[in-house]
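S.K.: Below is the structure I would like to discuss, written out as C-alpha cells.
Read the figures in this text as sums done on the coordinates, not as results from a lab. These numbers come from a predicted model, not from an experiment. For neighbour counting, all protein chains shown are included, and Cβ atoms are generated from backbone atoms with ideal geometry for every residue, glycine included.
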Amino acid sequence: MKIFLKRFILLFPLLLLTSCFDILDKVNVKADGTGEYTIILNASKSKTRLASISKMETVNGKKVPKKSEIENKINEAAKIFRATPGISNVKTTMDFNNYIIKLSCNFKKIENINAGLEQLKNKNIIGKMVPTQIYSQNAGNKSFTRNKINTFKNDYDKMSKADKEIFNNARYTSVLQFENMIKSQTNAAYLLSPNKKAVKMEANILDLIIQKKQLQNNILFQ
C-alpha cells in the first residue's frame, strides 16, 4: 500500500479497501465561542463489500484490520481527545453493521479541536498528511476561519492507478453552524443557509487533495 494512503487515513483502515465512503466534518459554534465538534466516517454504501472483506486476512496484498483493531484505535482517539485541554463530553459510536463511526465532543474554543487533532497525529491515530490547524476564531473581529490546507497533488500523481481509485467516489462534507448571523464569507462554494446561520460545502475528496476545490473560508458575523 502506498505510504500516502497510510498517512492520509489511519483512523478507519477499512476505508482504504473501498472507494465509496463519506466524511462529515461538522462544527456548531455558540455566540460565546464554545461549541460542539463532530466527525462521521460513513462507508455504509460499501457495507456489503466490506462485510465480505472483513472475513479475509488480506486483500490485494493489504492486511484487513480486525474489528477489535478498529475499536482500539477509535477508543484511543477518544482517550486522547478527553485529555486535551478545553475538550469535554467526548462520545464515540461504532456501527459495524453499516460501517459508520462517529466521534463528537464539546470545546471551549475552536482552537481546542486543532490541538486535539494534532495530538491524534502525534500518536499516529490519524495520518501525517491530515491537516490539523484547520479552524480559528477572532471574537474581536467577529470572524471565524476555515484555514487553507496544503495540496497533495504531487503525492497523488505518484500513486498507482489502483491506489488512485480509492478516492474516485469518496466524498467530504463540511458544515459550519453558528448562533450569530453571517454577514459575509470569502468562499462562495459554501452554500449559505436560509437563516444565514450556517454554511455547507460538499466535495469529492480528490478535488480537495489536489486543491481543485478549496476549503478555506473566512466568515464575518453581523
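S.K.: Quick check on packing: order 171-179, 192-200 by the mean number of other C-beta atoms within 10 Å, highest mean leading. Mind dumping the intermediate values first?
M.R.: Details: 171-179: 18.2, 192-200: 14.3.
Put in order of decreasing packing, that is 171-179, 192-200.
S.K.: Here's something else I'd like to know. Helix 67-82 versus the longest principal axis of the chain: what angle, 0 to 90°, nearest 10, using Cα atoms?
M.R.: So the inclination is approximately 20 degrees.
S.K.: Sticking with the crude label model, points 7 Å out along Cα→Cβ, report the distance from Ser160 to Asn75 in nm, one decimal please.
M.R.: Calculated label separation equals 3.4 nm.
S.K.: Using Cβ counts within 10 Å as a stand-in for footprinting exposure, how do Phe96, Phe21 rank, fewest first?
M.R.: Exposure proxy ranking, most exposed first: Phe96, Phe21.
S.K.: (1) 1.03; (2) 1.07; (3) 0.96: which one is Cα Rg over 2.2 N^0.38 Å as calculated from this entry?
M.R.: Here Cα Rg over 2.2 N^0.38 Å agrees with entry (1).
S.K.: For Leu220 and Asp207, compute 0.36 nm times the residue count separating them, minus their Cα-Cα distance, and round to one decimal in nm.
M.R.: In short, 2.1 nm is gained.
S.K.: Compute the helix-to-body angle for 111-122: its Cα long axis versus the longest principal axis of the chain, expressed 0 to 90° and rounded to tens.
M.R.: Helix 111-122 and the main axis of the chain meet at about 20 degrees.
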